[in-house]
Amino acid sequence: MNYLPPLELISPNTTKVNASVIWLHGLGADGHDFEPIVKKLNLPNVRFILPHAPAMAVTRNSGYIMPAWYDLYGPPNSKTGSSIEDEAGIKISQNYINTLIKNEINRGIPAERIVIAGFSQGGAIALHTSLRYPQKLAGVMVLSAYLPIKTKLATEATQANAHIPIFMAHGIHDDVISLEMNKISLNALLNSHYTVRWHEYNMAHSVCLEEIDDIHEFLLQVLP
C-alpha cells in the first residue's frame, strides 16, 4: 500500500513539541480536510499528524476509486450495527497508524502523550487501533464514527488501554452513520467497561463549533 507523507502542523507559538495528535480524515477526503480545525484549536507544543488514506476502489460506491482506510461492502444492519467488514483492510490501516505512533515515539514523544483521532471511517480506524495498541495512549477521539469488528474486541483489546479516555461525538441528524448505529458502538464500549465521554450535537455528518470547543477541552485535559 502506498501512502503519501502525512501533513504535519505545529502552532506558531510552540516552544517545544511535547505531545502528538494523529488525526485521520473520512472517506473520500485527505489529510488537509481537518487542517482548518487544527489551526483553530491553536494548541501550543502539540504536533498534529494528518495522514492521507491510499486510493482504492470502494465496493459500496460502485467501485469508484477514492481515498479510503478500508473497503465498504454495504449498509450496516440497523439493529446490530454490523455488516460484512473489510477486516484485512482495517488491519492494514491499523498497522499503518501503528507505524505513525512509533515514529512519534522515536521522535521523543512518549506513547502516553499521543492521541489518536478520526472522523467517520477515520474515526473507526482510530478507535480500532487505539484499543489494541500495546502501550498506554493519552486518548482517542471518535468523531461521527463507530466501533468496527466489535466481535473481536474482547480478545484483541490490550490491557494497556483498558482505561483510555474516549471522546465520542455524533450528530443527531447524521444520515451517513446513524446515531442509532453509533449508540450500538457506544453500548458495546460501555459493556466492555470503557469510560466514554459522549457528546451529541444538532448537526448532520459533519463537525460543528460546539464540538470543536469540546475537542479543545478534551485535548487540554488528556495532554496537560
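Annotations for the structure displayed:
- Sum of -39500 (n - 2.57) over DSSP H runs of 4+, divided by residues of the chain (222 nm, nearest 500): -9500 deg cm²/dmol
- DSSP beta bridge pairing in the chain, given as percent antiparallel to the nearest 5: 25 percent
- The stretch between Arg197 and Lys40, if pulled fully straight at 0.36 nm per residue, gains 54.3 nm over its current Cα-Cα span.
- Spacing of the modelled spin labels on Glu156 and Thr59, each 7 Å from Cα toward Cβ, amounts to 1.6 nm.
- Dimensionless Rg over Rh [the stretch 1-157; C-alpha; Kirkwood]: 0.97
- Straight-line reach from Lys40: taking Cα to Cα under 30 Å and skipping same-chain neighbours fewer than 8 places apart, the lysines in range are Lys16, Lys102, Lys136, Lys183.
- Exposed-loop-free span, longest in the chain, where trypsin sites (Lys or Arg not before Pro) count as exposed if DSSP calls them loop and at most 12 other C-beta atoms lie within 10 Å: 108-224
Where a number appears in this text, it was derived from the coordinates with a stated rule and is not lab data. Because the structure is a prediction, the values reported are computed rather than measured. For neighbour counting, all protein chains shown are included, and Cβ atoms are generated from backbone atoms with ideal geometry for every residue, glycine included.
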